[in-house]
Each structure stands twice: as C-alpha cells, then as structure tokens.
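Visitor: The structure follows.
Only the coordinates and a few stated rules stand behind these numbers; no lab work does. Worth saying up front: this structure is predicted, and the values here are computed from it rather than measured. Reconstructed Cβ throughout: ideal geometry from the backbone, glycine too, with neighbour counts over all protein chains shown.
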Amino acid sequence: MALSSAARTDRRHGDALAADRSAGERALLIALLRGGPRIDPSASAERLLDRFGSLGAIFDADGRALLAGGATLGAAQRIEAAAACARHILEYRLHERPILDSMRSLLDYLALTLSFKSLEQVRVLFLDAKLHLIRDETVSLGCIAEAPIFVRPILKRALEVGASSILVAHNHPSGDPRPSDADVESTQALERGADAIGVRLIDHLVLACGSWRSFRQQGLL
C-alpha cells in the first residue's frame, strides 16, 4: 500500500529531525575532541560514533572504553567531565520541582543515565508526598535481556527513606522499549505490594536508545 501524503511528510520530518540530532551530536563531540596534538577531531569523532553508535553511549562509556575506541587520554577526560556535568545538571533539575512537572527533564535524565547501558538495570526514584525526588537508586542489575524486579527489597527501601511514591525505570539494550510479559507481571506485583503499605507506584518507564514506553500510558497500571 502506498504511503499517504501526510505519512510521507511525517516520515521526512522525522528523518530531518534525526539528521539534525545526529549532526548536533557530531558537532559537540568534535568540540570535545579538539586540542590534542596532531589529532583530527572529525576523524576521531567518526571512529567513536562508529564504535559506540551515539553520543549518549559515548557519554555512558568509561575512560578505558573511550581509550580503546580511539580517544586520546585528554579527549577521554574531557568527555567524562562533560558527561558528569550533564548528569549533574539533569539531576539538579529533578530536585527543583515535583518530578512529573517536567516529563521532558525526567526522560532526559533517564536517557543519559540509563538508556545506553549495555546490560539491563532497574532503577527506582523514591519520591516524597509532593513528588520531589528523595533518592535515585539502582535496585537490580541483570543481563542483556532481563533484570529482575524484587518487590520486597524495593518496598522496604521505600519505607526506610520515607517515600510516599516511587517511579520505576529500566532499560532494554535490545533497542525495543516494549515491556515484556515478565516486566508486566513483576510491575503489577510491585503495585499491589506498594498499595498494601500506602506507597503509590507512579509509573514504570522502559527506555531503549532514544525511545521509551510508559506502563501508565499503556494502561498496564
């Protein structure tokens, strides 16, 4: 079936946005790579992007991985410093206001700190009665395809830190943000347990390399 005019326009618009984002990432990376003796920052940027796939994945890499990817020691240090600054700024924004007041800030923070991990991990954001962030903690580390959600330790920790609400997030290294059956079952079990102790499960977000899904929006909670 042929694409409609509107569909073709939407696809071209999406392609243009992706191209702009890619060009912006490349320009920022080149700026970080400048300054080394006899180093071509454009060529170094291409090597790193070829190896890691995106600026987000480069920011998530440690110094050893960056050096293995062709960065000089100085460039690796600048990249790590830039990534640390970005994480600090995004986390600071979450503490400024109720966490759901800016979904964009929340997604930007989780995208940088979680979306590009090579293995699945489960994070819990513990919130007070006004939905301000108390703590952000990694509660489970998994493999490429799975990270378990342990209900009792999460709820115990919520009580320890005085959380009124929690928001769960985890990543899918496969690139597909759709929740698995196991994700749905464990999240619904967590919601039942949270309700029993007076803690609200706000949402469960699944992130995957620039895309995401919300359990709440999909009617799974």
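Visitor: Could you tell me what % of all Cα pairs in the stretch 100-214 have separations over 25 Å?
Guide: 15
Visitor: List every residue whose amide H lies under 5 Å from the amide H of residue 135, counting only residues 5 or more places away in sequence or on a different chain, with H placed 1.01 Å from N in the peptide plane.
Guide: Here 126 satisfy the definition.
Visitor: What percent antiparallel are the DSSP beta bridges of the stretch 100-214, to the nearest 5?
Guide: Antiparallel bridges: around 70 percent, rounded to the nearest 5.
Visitor: Then there is this: Taking every DSSP beta bridge that has both residues in the chain, what percent is antiparallel when rounded to the nearest 5?
Guide: Numbers: 17 of 24 bridges.
Of all bridge pairs located within the chain, approximately 70 percent are antiparallel.
Visitor: Let me ask something additional. Using a Förster distance of 45 angstrom, determine the FRET efficiency expected from the C-beta separation of residue 47 and residue 128, and round it to 0.05.
Guide: The computed FRET efficiency comes out at 0.50.
Visitor: A follow-up question, please. Modelling each spin label as a point 7 Å along the Cα-to-Cβ direction, I'd like the residue 196/residue 30 distance in nm, to one decimal.
Guide: Going by the 7 Å Cα→Cβ label model, 5.8 nm.
Visitor: Sticking with this one: For the chain, what's the radius of gyration and Dmax over Cα atoms, in angstrom?
Guide: Values for the chain (Cα only, Rg and Dmax): 19.5, 63 Å.
Visitor: Something else now. Ignoring everything except DSSP H segments at least 4 long, calculate the 222 nm mean residue ellipticity for the chain; use -39,500 (n - 2.57) per segment, divide by total residues, nearest 500.
Guide: When only DSSP H runs of four or more count, the value is -16500 deg cm²/dmol.
Visitor: Something else about it: Check residue 180: other-chain or 5+ apart residues with amide H under 5 Å from its amide H, H built from backbone geometry?
Guide: none
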